[in-house]
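This report refers to the structure that appears directly beneath it.
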Amino acid sequence: MDFGLSNKIALVTGGSHGIGQAIALALAGEGCNVAICARNSDRPGFRGKLEETATEIRAKGVDALAVSADVLVAEDIKSVQEAVIEKWGTVHLLVNNAGGGGSWGGSVVEETEDQIWLDVYAKNALAASRFTMWAIPHMRKQKWGRVVTISSSHGREAGSRAWYNVAKAAEVALMKNLGLNHDLARDGITFNTVAPGAIMLPDTGWFYEKEKNPAEFDQIVDKQFPLGRMGTPEEVASVVLFVCSEQATLVNGAAITVDGGESRSF
């Protein structure tokens, strides 16, 4: 199937590792020129640093741009935006993938400092809003655009730490509200959320939990997840790819859960 994405300009935030990296490579495989931004990490064994991912993108026969940025810093966000426009002059596809913070803070909600709430919200919903508001005028001008925000199944149901649920639910609300905007829809722009469940990512929480006791971890996974396994970044990327495609014109304001049946909400 031709997704109609050849020569489009894409920006994937948090695009050097995990789900973001898989999305960036999937878009490159469909002929998109891809910009990625992320914080560079010095953690041992951390796969997918910015320039390494950019090299993988270029190996698919397209152009790449890698910008080091912390989405908690407004000036860093602005530097990414300026770099994309300086290089390509526009953006067609925006994937708001940068986020996290689900393990921040403590287990006692009333003892959690305000700064945790603020930082988790800023890292997720506020960053998505800032990138989206920047992208909209470019998409309006060309009468075509796709904005996909990577939320979480915990953006659609309770179960995580409260500040994370709040931030991820806000991302879903942002995309739904923009999808309802008649002017934006009639300018050919769609806004959607993809909400992954538990995804196994190298050098992250689930990965380290499995390393502690592989047999016990596998028993928990077998009991908790209908498929008997966790998801992969590539499975999330496949859904994002379709939502970005020409075939997904009628998909607007949707929140699509990608979790193998793990969540309990409808």
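The values are calculated or read from the model by the stated rules, or taken from the named source; none is laboratory data. These figures come from a predicted structure and were not determined experimentally. Here the Cβ is made from the backbone with ideal geometry for all residues, glycine too, and neighbour counts use every protein chain on show.
Selection over the range 1-28 of residues that are under 15 Å from Arg146 (Cβ atoms), outside any strand (DSSP E or B) and not basic (Lys, Arg) gives a count of 9. Inspection of the range 102-116 finds no residue satisfying the criterion of being within 25 Å of Val239 (Cα to Cα), under 20 Å from the mean Cα position of the chain (by Cα) and of a type in the set (A, V, I, L, M, F, W, C).
Condition check: surrounded by fewer than 16 Cβ atoms within 10 Å (Cβ to Cβ), more than 16 Å from the chain's Cα centre (by Cα) and either among the basic types (Lys, Arg) or assigned by TED's automatic domain parsing to the domain that holds Phe207 (or both). Does Lys87 satisfy that? Here the answer is yes, as Lys87 does meet what is asked.
For Ile85, state whether it is of a type outside the set (Gly, Ala, Ser) and in contact with a helix residue (DSSP H, G or I) (Cβ under 7 Å, 6 or more places away or on another chain). In short, no.
Let's see how each residue does on (1) of a type in the set (Gly, Ala, Ser); (2) in a loop (DSSP other than H, G, I, E, B); (3) buried (at least 17 other Cβ atoms within 10 Å of the Cβ):
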| site | (1), (2), (3) |
| --- | --- |
| Val194 | no, no, yes |
| Glu211 | no, no, no |
| Ala237 | yes, no, yes |
| Leu250 | no, yes, no |
| Thr257 | no, no, yes |
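Mind counting the residues in the range 184-200 that are touching a residue at least 40 places away in the same chain (Cβ under 8 Å) and over 20 Å from Arg156 (Cβ atoms)?
The number of residues fulfilling the criteria is 5.
Residues that are aromatic (Phe, Trp, Tyr) and either in a loop (DSSP other than H, G, I, E, B) or farther than 13 Å from Gly102 by Cα (or both) within the range 121-158 comprise Phe131, Trp134, Trp144, listed in sequence order.
Yes or no: Val221 in contact (Cβ under 8 Å) with a residue 40 or more places away in the chain, out of contact with any helix residue (DSSP H, G or I) (no Cβ under 8 Å at 6 or more places or on another chain) and of a type in the set (A, V, I, L, M, F, W, C)? So Val221 does not fit the description; no.
Would you pick out the residues in the range 104-120 that are of a type in the set (Phe, Trp, Tyr) and part of a helix (DSSP H, G or I)?
Trp117, the sole residue that qualifies.
None of Gly14, Gly48 is modelled with pLDDT of 95 or more, on the phi > 0 side of the Ramachandran plot and under 17 Å from the mean Cα position of the chain (by Cα) except Gly14. Out of everything in the range 81-132 that is acidic (Asp, Glu) and out of contact with any Gly (no Cβ under 7 Å at 6 or more places or on another chain), what residue ends up being nearest to Gly18 (Cα to Cα)? Per the stated criteria, the residue is Glu82.
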